[in-house]
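Working notes, beginning with the structure itself.
The values are calculated or read from the model by the stated rules, or taken from the named source; none is laboratory data. Remember, predicted model here, so these are calculated numbers, not experimental data. Positions of Cβ are generated from backbone atoms using ideal geometry, with glycine treated the same way; all protein chains shown enter the neighbour counts. Side chains included, ligands, DNA and RNA excluded: accessible areas come from the protein's heavy atoms. Shrake-Rupley method; radii C 1.70, N 1.55, O 1.52, S 1.80 Å.
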Amino acid sequence: MAVFTEVSSKEASDLLRRLQLGELLALRGIEGGIENTNYFVTSEQGEYVLTLFERLTFEQLPFYLHLMKHLAHAGIPVPDPQADGHGEILHTVAGKPAALATRLRGKSQLAPQAAHCAAVGTLLARMHLAARGYERQQPNLRGLPWWNETVPVVLPHVGPGQAALLQSELAYQNHVAAGSGYAALPRGPIHADLFRDNVMFEGTELTGCFDFYFAGVDTWLFDLAVCLNDWCIDLPTGRHDGERAAAMLAAYQAVRPLTAAERELLPAMLRAGALRFWISRLWDFYLPRQASMLKPHDPTHFERVLRERVQHPVHP
């Protein structure tokens with residue numbers, strides 16, 4: 001999260017009044033991330049997060065916001081977008097599409113242990129099953145078509161070895177996606193970005209997850225692979241952590257067992273998850289946008305993860 005668009009106290013106060021949430025007590029910009037403008041908002045009635053969407057359009061946003069509503073009503077601990085008197089949860093602030101959602105308690109666990117990874121596995125499986133009844137459709141906008149479009153854009157910015165890996169892995173993922181095994185993978189709405197900083201804990205109790213603005217309909221296995229690539233690796237090296245991965249996989253499968261096709265394609269999806277975030281971090285690093293509080297992520301991290309996934313495949 002970052003601040004691309006400045007929001008005044010008056011603009012925040014006006015939104016709170018429209019939503020009948022009382023008077024503004026505090027407004028503070030949130031650092032970190034690279035997609036949207038975010039503020040913590042304190043009103044007379046509670047704590048909220050205000051998000052102004054910098055890339056997503058008014059037409060795209062109902063998918064994300066109503067998915068959050070759907071999951072919240074199903075008992076999944078996610079931020080609940082607040083509606084105005086007409087039931088609208090998509091608003092306009094400072095000329096941008098915006099949403100105000102409840103703020104989760106707890107804090108991110110950036111050094112997770114097996115118990116934290118198990119809690120994430122349980123949450124992810126519950127989310128997948130709860131989202132089956134969600135009727136809106138939107139593809140994962142950072143899926144394979146986007147990779148195919150974006151790799152040629154970032155290639156001029158990388159060295160020969162990196163370019164070779166990007167091109168060979170992209171060809172491999174296109175081959176996987178054309179196969180019958182991939183077509184058999186269960187799918188539905190996924191979070192697609194459930195990293196350590198998007199989940200809240202109090203001790204080992206998982207209190208919620210947020211930042212659904214990369215969500216889309218894709219394979220559940222890809223969502224699980226994204227989690228394994230962040231929660232269950234050694235960050236400095238990108239190497240697989242077997243204990244944490246086993247805890248996450250066991251907890252996930254206790255709620256929703258993997259199919260035979262999923263077990264077979266897990267190594268390929270772990271590579272896909274690493275490729276997706278390497279591409280997006282290269283794009284954000286070399287083709288950045290201006291923001292008053294912007295810290296782009298190091299793209300070489302997911303290059304290391306991808307190389308590890310290629311050289312040391314992980315089987316469930």
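Just to check, using Stokes-Einstein with a Kirkwood Rh over alpha carbon pairs, what's the diffusion coefficient of the range 223-307 at 25 °C and 0.890 mPa s in µm²/s?
My calculation gives 174 µm²/s for D.
Count the lysine pairs in the chain that are 8 or more places apart or on different chains: how many have C-alpha atoms under 24 angstrom apart?
Lysine pairs, 8 or more places apart or on different chains, close enough: 5.
Sorting Glu6, Glu11, Glu88, Glu262 by accessible area (1.4 Å probe), largest first, what list results?
Ranking Glu6, Glu11, Glu88, Glu262 by accessible area, largest first, yields Glu6, Glu88, Glu11, Glu262.
Taking every pair of alpha-carbon atoms in the range 222-263, give the share separated by more than 12 Å as a whole percent. Provide the component values of the computation, followed by the final result.
On the way: 527 of 861 pairs.
When every Cα pair of the range 222-263 is considered, 61 percent fall beyond 12 Å.
Calculate one ³J(HN,Hα) per residue across the range 6-18 by plugging θ = phi - 60° into the Karplus curve 6.51 cos²θ - 1.76 cosθ + 1.60, and present them in order as whole Hz with x for glycine and proline.
Values, residue by residue: 6, 10, 7, 4, 5, 5, 5, 5, 4, 5, 4, 5, 4 Hz.
Rounded to whole Å, give me the distance from the Cα center of the range 236-283 to that of the range 1-63.
Measuring centre to centre over Cα atoms gives 33 Å.
Report the relative contact order of the range 1-154, percent, no decimals, based on alpha-carbon pairs under 8 angstrom and at least 6 residues apart.
After rounding, I find 19 percent.
Using the Cα centre of the chain as the reference point, and only Cβ charges (+1 on K/R, -1 on D/E), how large is the resulting charge dipole? Debye, rounded to the nearest 20. Before the final figure, lay out the partial values.
Working: 28 positive and 33 negative charges, 78 e Å.
Here the chain has a charge dipole of around 380 debye.
Take the alpha carbon atoms of the chain, find their radius of gyration, then divide it by 2.2 N^0.38 Å using N residues; give the quotient.
Ratio of Rg to 2.2 N^0.38 Å for the chain: 0.99.
Between Val255 and Ala111, what is 0.36 nm times their sequence separation minus the Cα-Cα distance? Round to one decimal in nm.
That works out to 49.4 nm of additional length.
Rolling a 1.4 Å sphere over the protein heavy atoms, what is the accessible area per residue of the range 33-111, to the nearest Å²?
Dividing the accessible area of the range 33-111 by its residue count gives 41 Å².
Percent of accessible area on the range 192-277 owned by carbon and sulfur, 1.4 Å probe?
Accessible surface attributable to carbon and sulfur in the range 192-277 totals 53 percent.
Counting Lys and Arg as +1 and Asp and Glu as -1, each charge on the Cβ, what is the dipole of the range 176-304 about the Cα centre in debye, to the nearest 20?
Around 320 debye, computed over the range 176-304.
Please give the solvent-accessible surface of Asp84 in Å², to the nearest 10, using a probe radius of 1.4 Å with every protein chain present.
Asp84 exposes around 40 Å² with every protein chain in place.
How large is ³J(HN,Hα), in whole Hz, for each residue of the range 109-122 in order, when computed from phi with the Karplus curve 6.51 cos²θ - 1.76 cosθ + 1.60 and θ = phi - 60°, using x for Gly and Pro?
Each residue of the range 109-122 in turn: 9, 8, 10, x, 9, 4, 5, 5, 5, 5, 4, 5, x, 4 Hz.
Give the long-range amide H neighbours of Val93: residues separated by 5 or more places, or on another chain, with amide H under 5 Å away, using H modelled in the peptide plane at 1.01 Å from N.
Ala98
Any idea what diffusion coefficient the range 5-139 gets from Stokes-Einstein, in µm²/s, Kirkwood Rh on alpha carbon pairs, 20 °C, 1.002 mPa s?
Translational diffusion coefficient: 133 µm²/s.
For the chain, what's the relative contact order in percent, using C-alpha pairs closer than 8 Å and at least 6 residues apart?
Once divided by the residue count of the chain, the mean separation gives 20 percent.
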